[in-house]
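Single-structure report; data block below.
The values are calculated or read from the model by the stated rules, or taken from the named source; none is laboratory data. Quick caveat, the model's predicted, so the values are computed rather than measured. Quick reminder, even Gly has a Cβ in these numbers, built from the backbone with ideal geometry, and neighbours come from all protein chains shown.
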Amino acid sequence: MSLGYFSYPMPVNETVLSYGPGSAERELLKSVLEKLKSEAADIPMYIGSKEVRTNKKERIHPPHEISHTLGYHSIGDERHIQQAIEAALNAKDAWAGMSWEGRANIFLKAADLISTKYGVSAPGGICSCDHTFQFYSNRCKSSNVGCHVRECSGMEMR
């Protein structure tokens, strides 16, 4: 049971940037893209809190430039799938036992990171994700009964 009143910010749209020729945001985006294209990323799987790399890799490339290799990601097998299922089941009780305020804080922190620190890395792909996190955090607050997680169905409002 929660004792107290918790206040979360209402979701607001960020300023729409023009990315016009010579603009600061366009130059920043160009520099980030150049940096990403100059390095070959080795992207692991994450199972629970562990970084897992395998010898079986798959090449990743931009959809518009398939001849360019951005890097490789590890490919798991049945053993990794089983480990991921076990990690999710182990985390389920901790998540279910967390207050809705604690859950909302996790989503709000993710929204903040997406809209600030990591936003320039993928502006088109994540532009609405931070608003979604803010919306659900605020929705949980306004419903006054919080959110819960149903097995295999994600966040559900009640």
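Working only within the range 62-80, note down all residues that are surrounded by 12 or more Cβ atoms within 10 Å (Cβ to Cβ), out of contact with any Ser or Thr (no Cβ under 6 Å at 6 or more places or on another chain) and either among the polar types (S, T, N, Q) or under 23 Å from E34 (Cα atoms) (or both). If the condition is that a residue be surrounded by 12 or more Cβ atoms within 10 Å (Cβ to Cβ), out of contact with any Ser or Thr (no Cβ under 6 Å at 6 or more places or on another chain) and either among the polar types (S, T, N, Q) or under 23 Å from E34 (Cα atoms) (or both), then P62, T69, L70, G71, Y72, H73 are the ones that fit.
All of D112, D93 fail the test of being in the same structural domain as L33 (by TED's automatic domain parsing), among the acidic types (D, E) and at pLDDT 60 or above, apart from D93.
Taking each residue of the range 24-39 that is touching a residue at least 60 places away in the same chain (Cβ under 8 Å) and within 18 Å of H61 (Cα to Cα) and looking for partners that are among the polar types (S, T, N, Q) and part of a helix (DSSP H, G or I) with beta-carbon atoms closer than 7 Å, six or more apart or interchain, yields V32/S121. Within the range 45-61, being touching a helix residue (DSSP H, G or I) at 6+ places or on another chain (Cβ under 7 Å) and either hydroxyl-bearing (S, T, Y) or loosely packed, with under 14 Cβ neighbours inside 10 Å (or both) holds for one residue alone: G48. Scanning for something under 25 Å from S38 (Cα atoms), at pLDDT 80 or above, surrounded by 11 or more Cβ atoms within 10 Å (Cβ to Cβ) and touching a Phe, Trp or Tyr at 6+ places or on another chain (Cβ under 9 Å), does the range 116-133 turn up at least one residue? Within the range 116-133, not a single residue is under 25 Å from S38 (Cα atoms), at pLDDT 80 or above, surrounded by 11 or more Cβ atoms within 10 Å (Cβ to Cβ) and touching a Phe, Trp or Tyr at 6+ places or on another chain (Cβ under 9 Å).
Residue by residue, here is whether (1) over 23 Å from K117 (Cα atoms); (2) in contact with a helix residue (DSSP H, G or I) (Cβ under 9 Å, 6 or more places away or on another chain) holds:
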| site | (1), (2) |
| --- | --- |
| V12 | no, yes |
| L28 | no, yes |
| I43 | no, no |
| I75 | yes, no |
| D93 | yes, no |
| W100 | yes, yes |
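Counting only strands (runs of 3 or more DSSP E) wholly contained in the range 1-116, the ones carrying 1 or more residues that are among the polar types (S, T, N, Q) occupy 71-74.
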